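Here's the structure, in structure tokens; my notes come after.
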Amino acid sequence: MTIARGLFAGAAVDALTGDPRRGHPVAAFGRAAAALERRLYGDSKVRGAVFAGVCVLGAAGLGL
């Protein structure tokens, strides 16, 4: 029941306040991933795996 209340409260606050106009964490991750992709990504399974790993591990590290 606590999880349901938390989800409801989060949805209500999001509906009332909306997304921030600047500094949204998902947008920042998208910009960082795009910059990394321009430098690192290539037509290779190894380079693609490294790119995906850096993105996933970077996001997980920030989450911890």
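The values are calculated or read from the model by the stated rules, or taken from the named source; none is laboratory data. Please read these numbers as outputs of a predicted model, since none were measured by experiment. Each accessible area value is taken on the protein alone, full model and side chains, heavy atoms only, with ligands, DNA and RNA left out. Shrake-Rupley method; radii C 1.70, N 1.55, O 1.52, S 1.80 Å.
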Out of the range 6-44, which residues are of a type in the set (Ser, Thr, Tyr) and either in a helix (DSSP H, G or I) or within 15 Å of the chain's Cα centre (by Cα) (or both)?
17
Flagged in the range 19-31 as within 21 Å of residue 50 (Cα to Cα) and open to solvent by 60 Å² or more (accessible area, probe 1.4 Å), in numbering order, are 26, 29, 31
Of a type in the set (A, V, I, L, M) and open to solvent by 70 Å² or more (accessible area, probe 1.4 Å), is that true of residue 50?
no
